[in-house]
Amino acid sequence: MSGYLLRRLWQIIPTLGGVILLVFVLFNLFGGDPATILAGKIPSQEKILAIRQQLGLDQPWWVQLWIFVKQVVSFDFGRSWSTNELVSQVILLKAPVSLTVMGQVWLLDAVISVSLALWVAYRRGSLTDRAIMAICTAAMSISFLLYVVVGQYLFGYVLGWFPVMGWSDDFWKNISTYAPLPVVLALLVSIAPSTRLYRSFIVEETEHDYVRTARAKGADEQRVMLVHVLRNAAIPIVTNLALALPALFIGSFLIEKVFSIPGLGREVILAVDRSDFPVIKAITIYLAMLTMLVNLLVDLLYKWLDPRVQLK
Amino acid sequence: MASSHGYWRAAGERLWRDRLARVCVTILAFYFLLVGLSALGLIAKDWNTEVGVSYANPSFMPDYPNPQGQNSLVTVDKIEVDAATRAIDPLAPYYEQIERRAAHYQESIPELSWTLPFGGDKWGRDIVAKTIKGGQISITVGVAAALLAVAIGVLLGAIGGFLGGWIGDALEWFYNIFTSVPYILLVLAFAAVFGRGIGTVILVLGLTGWTGVYRLIRSEYIKQRGLEYVLAADAIGASRLRRMFVHILPNVSQLILVQLSQLVVEFIKAEVILSFLGFGVPTELVSWGIQINEVLAELVLGKWWQLTAAALSMSVFVVAFGLFTDVLRDALDPKSSRL
């Protein structure tokens, strides 16, 4: 087990190296001269030179790459080019905001779509099943953007049930006032595909022999579905839920933009808008690291959920 | 029907037998016809000219309140310039000169209509023409980006799957890099570097969206390379390149086609979101995403027609294309269609 863990951690290194290289090539070779971006609208020659020196841009590329690798390893990406805040500070400040919204979405999506999927899978082929599946298909084909734009207008502006947008410094006020509408809209988007996916997992399980055996032994339907089927269908479902974790940290770009929620997603959009490379670079690298770690955790989780799985 | 058909002909016939498929194909043909006509400049050429008043009403509801419409409450007061005003007007001595100079320029005030077939936007542009033009750009971007992504994915997948070895490992490494960054973040990172423009959007979506195609084609090539027809081709001395692209490629082409149409839908949705966020099509052009971006301000004023036009045309296209992809997959896979 620990041998497996070590080997997997060891395998992360070349991939992480690749991500560092990709980001480096993208921003340092194609990204244009950051000194001209930084010097702003009145570029004076000395100012540009000074900035180039400060950023190490007058060094050959391998020295620049080395500086970048050191930044990644020490978790110190310097300061934002546009606000001069420490990049690590920006991330630590914004990530909890994204989590406040997306954490709720993740949790509620899991609870609602798993129960919905269990229900329709149990009544497979019935009118309810077909109706819910048809609604899911229709809901999936409408763009996320329309849900957000129309939802904000309808619930925030016309009906006035929620504030149109906003955010505060108070956690409970955010949860009770500002987060509900974005959460509901994000749920409207995410429940349909999740339900369809989980239904297919559950339906696949109900066709196995052990389900018939359980029924033959006289287990009631509730026990068959909740204990036997759900336990086995949990493996792909939990995997799917865990794989969605990294995305929670950037939240939903659209939601954060439209509702002016100061989370990481909005920060990325602002950074792209201002060509604020250190912020984008840092968020990209950290998210990639997080994704790799979550992938590893999913494999371990898999082993825990399904003891038949052999980790090689 | 004793004559035997080729694979594609049979698949086409299976497709056409399905009523849903016929409906979808008809809708898509209509859209692509509009795209073609608009690209040739035959329709929607003047989408950018001011033809109506600001937020002109749709013709089916001319009485909707509009400050500049027919039922306008705004009246323009004509101020008569008399001697008293002239005395305090510092420009008064120059009136004659100003008028003389102004006479050199011809002023043409366009006849602006109060209503347009489906209303107008803030600058009095016709929504119908604008939506057609927006559709042309969104669909073009989606199709071109999907072609690019599929080309990259098939090329790398074929090389990785057929050759394997260290090249295969290197490509797997490359794949791992691209998939370890969340997709939308990857797209935005590319967009941050490459700037804005139609070509850029196509490039960004194509360069980031090839991973799924690569994975599928790679596994298919690994499966196919050991089959007898490939071994036979090897035995008669077909080169590796020939086996890869002349012998195997046609046998996986149905997979490529399905991937292509899936990506078109995905990329049109992505383009809409990118343009909405301001990183897609430049604002002097129009796309469905830019239209929806403008809608945020319009809705508050009660001008719902641009949203309806853009949302409806986009949704119908995306739904039709999505359903078409499903029936296409069934039609191309003869095993599943026997069920």
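The values are calculated or read from the model by the stated rules, or taken from the named source; none is laboratory data. These figures come from a predicted structure and were not determined experimentally. Methodologically, a virtual Cβ is constructed for each residue, glycine included, from the backbone with ideal geometry; neighbour enumeration extends over all protein chains shown.
For the range B:161-178, filtered to residues that are buried (at least 19 other Cβ atoms within 10 Å of the Cβ) and not hydrophobic (A, V, I, L, M, F, W, C), the residue that is nearest to the other protein chains (Cβ to nearest Cβ) is B:ASN176.
Among the residues of the range A:96-126, count how many are touching a residue at least 24 places away in the same chain (Cβ under 8 Å) and among the small types (Gly, Ala, Ser).
6
Residues that are loosely packed, with under 12 Cβ neighbours inside 10 Å and of a type in the set (A, V, I, L, M, F, W, C) were ranked within the range B:85-120; the one that is nearest to B:TRP305 (Cα to Cα) is B:ILE109. Once the range A:256-265 is narrowed to residues that are surrounded by fewer than 24 Cβ atoms within 10 Å (Cβ to Cβ) and either under 19 Å from B:ALA191 (Cα atoms) or within 11 Å of another protein chain (Cβ to nearest Cβ) (or both), the residue that is nearest to the chain's Cα centre (by Cα) is A:LYS257. Restricting the range B:284-308 to residues that are under 15 Å from the mean Cα position of the chain (by Cα) and more than 10 Å from every other protein chain (Cβ to nearest Cβ), the residue that is farthest from B:MET61 (Cα to Cα) is B:LEU285. Please enumerate the residues belonging to the range A:267-278 that are at the interface with chain B (Cβ under 10 Å from one of its Cβ atoms) and either in contact with a strand residue (DSSP E or B) (Cβ under 6 Å, 6 or more places away or on another chain) or touching a residue at least 40 places away in the same chain (Cβ under 8 Å) (or both). Those that are at the interface with chain B (Cβ under 10 Å from one of its Cβ atoms) and either in contact with a strand residue (DSSP E or B) (Cβ under 6 Å, 6 or more places away or on another chain) or touching a residue at least 40 places away in the same chain (Cβ under 8 Å) (or both): A:ALA271, A:ARG274, A:SER275, A:ASP276, A:PHE277. When B:ILE217, B:ILE236, B:ILE198 are screened for being out of contact with any Lys or Arg (no Cβ under 9 Å at 6 or more places or on another chain), surrounded by fewer than 19 Cβ atoms within 10 Å (Cβ to Cβ), of a type in the set (A, V, I, L, M) and modelled with pLDDT of 90 or more, only B:ILE236 passes. Looking across the range A:68-82, the residues that are surrounded by 16 or more Cβ atoms within 10 Å (Cβ to Cβ) and either without any contact (Cβ under 8 Å) to a residue 24 or more places away in the chain or within 15 Å of A:PHE27 (Cα to Cα) (or both) come down to A:PHE68, A:GLN71, A:VAL72, A:PHE77, A:SER80, A:TRP81. When B:TRP114 is tested against the conditions (1) in contact (Cβ under 8 Å) with a residue 60 or more places away in the chain; (2) assigned to a loop (DSSP other than H, G, I, E, B); (3) aromatic (Phe, Trp, Tyr), the lone failure is (2). If the condition is being in contact with a Ser or Thr (Cβ under 8 Å, 6 or more places away or on another chain), modelled with pLDDT of 80 or more and either assigned to a helix (DSSP H, G or I) or buried (at least 19 other Cβ atoms within 10 Å of the Cβ) (or both), then the range A:160-181 contributes A:PHE162, A:TRP167, A:TYR178, A:ALA179. In the set (1) part of a helix (DSSP H, G or I); (2) more than 10 Å from chain A (Cβ to nearest Cβ), B:GLY280 fails one condition alone, (1). Remark: pairs (first residue in the range A:37-66, more than 17 Å from A:PHE27 (Cβ to Cβ); second residue at pLDDT below 70; Cβ separation under 7 Å; 6+ apart in sequence or on different chains) = A:PRO43/A:THR36; A:LYS47/A:ALA39; A:ILE48/A:ALA35; A:ILE48/A:THR36; A:ILE48/A:ALA39. From the list B:VAL258, B:VAL272, the one residue that fits, being more than 14 Å from every other protein chain (Cβ to nearest Cβ), in a helix (DSSP H, G or I) and touching a helix residue (DSSP H, G or I) at 6+ places or on another chain (Cβ under 6 Å), is B:VAL258. With respect to the conditions (1) touching a residue at least 60 places away in the same chain (Cβ under 8 Å); (2) crowded, with 19+ Cβ neighbours inside 10 Å; (3) under 19 Å from B:THR179 (Cα atoms), A:PHE253 lacks only one, and its number is (1).
The single condition from (1) crowded, with 16+ Cβ neighbours inside 10 Å; (2) within 14 Å of another protein chain (Cβ to nearest Cβ) that A:PRO193 fails is (1). Considering the range A:24-46, the residues that are surrounded by 14 or more Cβ atoms within 10 Å (Cβ to Cβ) and modelled with pLDDT of 75 or more include one that is farthest from the chain's Cα centre (by Cα), namely A:ASN28. Among the residues of the range A:95-144, the one identified as outside any helix (DSSP H, G or I), of a type outside the set (A, V, I, L, M, F, W, C) and within 14 Å of chain B (Cβ to nearest Cβ) is A:SER143.
Of the residues making up the range B:137-160, just one is surrounded by fewer than 24 Cβ atoms within 10 Å (Cβ to Cβ) and not aliphatic (A, V, I, L, M), namely B:THR140.
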